[in-house]
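The block underneath contains the structure these notes are about, expressed in structure tokens.
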Amino acid sequence: MSGIFGVVSKKKSCVDELFYLGDYHSHLGTQFGGIALSGKSLTRRIHNISGSQFKSKLQQEYRLLTGNRGIGAISYEEQPIYVKSRFGDFCIVVNGWVNNRKSLAKELFSKNFSFSETSNNRVNICELVSKLILQRDCLVTGIEYMFSRIEGSISLLILTKKGIFAARDKQGISPLIIGQNKESFAAVTETTAFPNLDFKVVKELMPGEVVFLNREGMSLQKAGGQNLKICAFLWIYTGFPASSYHQRNVEKVRESCGRCLARQDKFKPDLAAGVPDSGTAHAIGYALGKKVPFRRPLIKYTPGYGRSYLPSLQNIRDLIAKMKIIPIKEMIKGKKIVLCEDSIVRGTQLKNYTLLKLWNNQAKEVHVRIACPPLLFPCIFNYSTRAKRELITRQAIKNLAPKGQRNMSKYVDENSSEYKKMVAWIATKLGATSLKYQRIDDMVSAIGLPKSKLCLYCWTGKL
Ligand code: SF4
């Protein structure tokens, strides 16, 4: 996942707004943070943020930049890209993923294009997108052409000397939302960035929609379609609790997920707790639904720690995960606990650094409840840290069924014996008293959008 943001202001300078819009997207990426400003000229700054946050990297220098239009990205690749073209100079940021990146790059090489930016020796997606856009007569038709060529999803912002083009990906996988305050227009992935900067939502772009923002306001460049397939995982895990997409607030949806989980259980635990922080809202919902106390027997010690997946070495990530969560024995000993979590990817941290701490502090029972169905397929629309072989579901299936006899649709079906065996295998592996996942229809009803408007590929393998 990445986050993109931009602002156009009537004020002399928009640097403060741009900086804080970026800061409020920090949870969406761990590798690069960058901004570009358009004043007398286009300027940009990009930092590696794997060792420290966007805010600490940029807070000294951002005030030295000038301009009343700007864009930025928190991302897995270096962005913004600066482009000199026949349309004039522009900077571009993108949010998404291109599955056919290799073949598109090959095609462009054959037309004598070259690439200057690379990420891990791969062509930078932002640069690839900009080169596709340049194949047409203007930026808007170029964006349409790019949409028609890529397999995956790309939303973007383009900063020119006159303003900002904002375009949402053709299926609406990632959100792109326009806000307005007294003197500025902004475009963001996360509406979390709006309240403290006094922005109000004026428009949520539809799939494939393109608008242009300048000092005078917003103008439509290309109408959007109705074929929305927004990522359901935004509400389960990736989105920030204060954000809303299509008027559905993330925190409220997570509470509804917890209430749905509570309805699945016949027994009453002594307390509901969340794996901090990702399971907290789901646990609050469970506690409200079940009418049991929400407690925090596991506390996350955040001062001084970065995010646990920052270091590239697994043993360092594990050490950080272990040290971050502190158990409170007085709340655990002898208790029948329901522990809520957003999802399970590998399961190692849940097992070793969460459940084990509850058992070591003499919990009586630990019932694990997961806010979404089992993750069976890695994301194909955005940068994903989960490889298929790493998923605990795949490990379960590998152990339960010989190669050639693994019918994935059976593991998607919550009523099949294969699904039940897979969940039981995972429960044993985790060392949980019991394990239940959310049913897909319950997750969809908690989100509150029609099923047809959600991407559920992670769970169903179907587009
Ligand atoms: S595959 Fe999963 S994470 Fe990716 S867009 Fe679809 S629901 Fe979201």
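From the square roots a ≥ b ≥ c of the eigenvalues of the alpha-carbon gyration tensor of region 25-125, which class results: rounded (a/c under 1.5), prolate (a/b over b/c), or oblate?
Oblate, because a/c is 1.5 or more while a/b does not exceed b/c.
How long, wide and thick is region 3-227, going by the Cα atoms along their three principal axes, in whole angstroms, largest first?
47, 39, 31
Based on DSSP H runs of at least 4 residues, each adding -39500 (n - 2.57), what is the mean residue ellipticity at 222 nm of the chain after dividing by all its residues, to the nearest 500 deg cm²/dmol?
The helix contribution divided over the chain gives -8000 deg cm²/dmol.
For region 229-244, just list the computed ³J(HN,Hα) in residue order, Karplus coefficients 6.51, -1.76 and 1.60, θ = phi - 60°, integers in Hz, with x standing in for Gly and Pro.
9, 6, 4, 6, 5, 4, 7, 7, 9, 6, x, 7, x, 7, 7, 10
If you take the charge dipole of the chain about its Cα centre, with +1 on Lys and Arg Cβ and -1 on Asp and Glu Cβ, which of V94, Q59, Y353 is farthest toward its positive end?
Projecting each Cα onto the dipole axis, the largest value belongs to Y353.
Within region 339-361, name every residue whose backbone N is under 14 Å away from a label modeled 7 Å from Cα of M408 along the Cβ vector.
Answer for region 339-361: none.
Taking Cα centroids, how far is region 128-180 from region 78-111 in Å?
Taking the Cα centre of each part, region 128-180 and region 78-111 sit 11 Å apart.
Two decimals, Cα atoms only, Kirkwood Rh: what is Rg/Rh over the chain?
Expressed as Rg/Rh, it is 0.99.
State, to one decimal in nm, how far the label point of K436 lies from the label point of S417, with both points 7 Å from Cα in the Cβ direction.
2.3 nm
Which of T433, A272, L220 sits closest to the plus end of the dipole of the chain, meaning its Cα is farthest towards the positive end, when Lys and Arg get +1 and Asp and Glu get -1 on the C-beta?
Most positive-ward Cα: T433.
Could you derive backbone 3J(HN,Hα) for region 81-95 from the dihedral phi with the Karplus parameters 6.51, -1.76 and 1.60 (θ = phi - 60°), listing whole Hz in sequence and x where the residue is Gly or Pro?
Coupling constants for region 81-95: 9, 9, 10, 9, 9, 5, 7, x, 6, 8, 10, 9, 10, 10, 10 Hz.
By how many degrees, between 0 and 90 and to the nearest 10, does the Cα long axis of helix 417-430 differ from the longest principal axis of the chain?
That works out to roughly 90 degrees.
Compute the FRET efficiency between N196 and K84 as 1/(1 + (r/R0)^6), taking r as their Cβ-Cβ distance and R0 = 30 Å, and round to the nearest 0.05. Present the calculation step by step, with values, prior to reporting the outcome.
Numbers: r = 36 Å, r/R0 = 1.20.
The computed FRET efficiency comes out at 0.25.
Along the Cα→Cβ direction, 7 angstrom out, place labels at E61 and A387. What is the inter-label distance in nm?
3.3 nm
How far is it, in nm, from the label point at F267 to the one at R136 when both lie 7 Å from their Cα along the line to the Cβ?
It works out to 5.9 nm between the two label points.
On C-alpha positions alone, give me the angle between the axis of helix 139-149 and the longest principal axis of the chain, in degrees, nearest 10.
40 degrees
State to the nearest 20 debye the size of the charge dipole of the chain about its Cα centre, where the only charges are +1 on K and R beta carbons and -1 on D and E beta carbons.
Working: 71 positive and 36 negative charges, 210 e Å.
Approximately 1000 debye in magnitude.
Give the lysines whose C-alpha is closer than 28 Å to that of K40, dropping any in the same chain fewer than 8 places away, or say none.
Here the lysines satisfying the reach criterion relative to K40 are K10, K11, K12, K55, K57, K84, K131, K161, K162, K182.
Order the peptides 366-375, 221-230, 65-74 from the highest to the lowest mean number of other Cβ atoms within 10 Å of their residues.
The most tightly packed comes first, giving 65-74, 366-375, 221-230.
In straight Cα distance, which lysines are under 19 Å from K398, not counting same-chain residues fewer than 8 positions off?
Excluding near neighbours in sequence, the set is K388, K410, K420, K421, K429.
Multiplying the sequence separation of M323 and M206 by 0.36 nm and subtracting their Cα-Cα distance, what value in nm do you get?
37.8 nm
Which cross-chain or sequence-distant (5 or more) residues have an amide H under 5 Å from the amide H of G274, H modelled 1.01 Å from N in plane?
Residues meeting the criterion, in which the H sits 1.01 Å from N, are C340.
Please give the net charge around P175, taking every other residue with its beta carbon less than 9 angstrom from that of P175, where Lys and Arg add +1 and Asp and Glu add -1.
Result for the neighbourhood of P175: -1.
Could you tell me how far the Cα centroid of region 310-388 sits from the Cα centroid of region 1-52, in Å?
32 Å
FYI, it's all coordinate maths here, none of it is from the lab. A quick note: this is a predicted structure, and the numbers were derived from the prediction, not measured. For neighbour counting, all protein chains shown are included, and Cβ atoms are generated from backbone atoms with ideal geometry for every residue, glycine included.
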